[in-house]
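See structure below.
The values are calculated or read from the model by the stated rules, or taken from the named source; none is laboratory data. Remember, it's a predicted structure, so these values are computed and weren't measured experimentally. The area values use the complete protein model at the heavy-atom level, side chains included, leaving out ligands, DNA and RNA. Shrake-Rupley method; radii C 1.70, N 1.55, O 1.52, S 1.80 Å.
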Amino acid sequence: MKQQPKYVVHPGVVVSKTDGQYHYIGAMELMRLYGIRPDECEIYEPEPWWPQSYYRMAQEQHDGLIHLYPRYDGDYTLPTT
């Protein structure tokens, strides 16, 4: 039986607070940084060619889940709900 996801992982670019450089943080790296398992997550990586309906469907599907993003300050403590 598949577990319901708790989190939505948003891979992306972040400017580091410590070195001022741009870093791409991928989905698997975000999961590692936050200390969560892949089976607890949905990955959200929209494509520029998506029609508006895809964005709405994703928003509805991810409603009520905790959204996790790359952090410029390196603090990957899970937010409390």
Exercise. Taking only Cα atoms, what is the 0 to 90° angle, nearest 10, from helix 52-61's long axis to the longest principal axis of the chain?
Worked result: 90
For this session: Using a 1.4 angstrom probe, figure out how much accessible area the chain has per residue, in square angstrom, rounded to the nearest whole.
Result: 74
For this session: Specify the residue with the greatest mean-square fluctuation among ASP39, ASP19, ASP63, computed from a Gaussian network of the chain linking alpha-carbon atoms under 10 Å apart.
Result: ASP19
For this session: Sum -39500 (n - 2.57) across every DSSP H segment of at least 4 residues in the chain, then divide by the residue count to get the 222 nm mean residue ellipticity, nearest 500.
Result: -6500 deg cm²/dmol
Exercise. Across region 28-42, in residue order, what do the Karplus-derived ³J(HN,Hα) couplings come to in whole Hz, using 6.51 cos²θ - 1.76 cosθ + 1.60 with θ = phi - 60° and x for Gly and Pro?
Worked result: 5, 5, 4, 4, 5, 5, 7, x, 10, 8, x, 6, 8, 10, 10
Exercise. Between TYR76 and GLU47, what length comes free when the chain is fully extended (0.36 nm per residue of separation minus the Cα-Cα distance, one decimal in nm)?
Worked result: 7.9 nm
Seminar exercise, completed: So for region 7-53, using the alpha carbon gyration tensor with a ≥ b ≥ c as root eigenvalues (a/c under 1.5 gives rounded; past that, a/b versus b/c decides prolate or oblate), I'd call it oblate
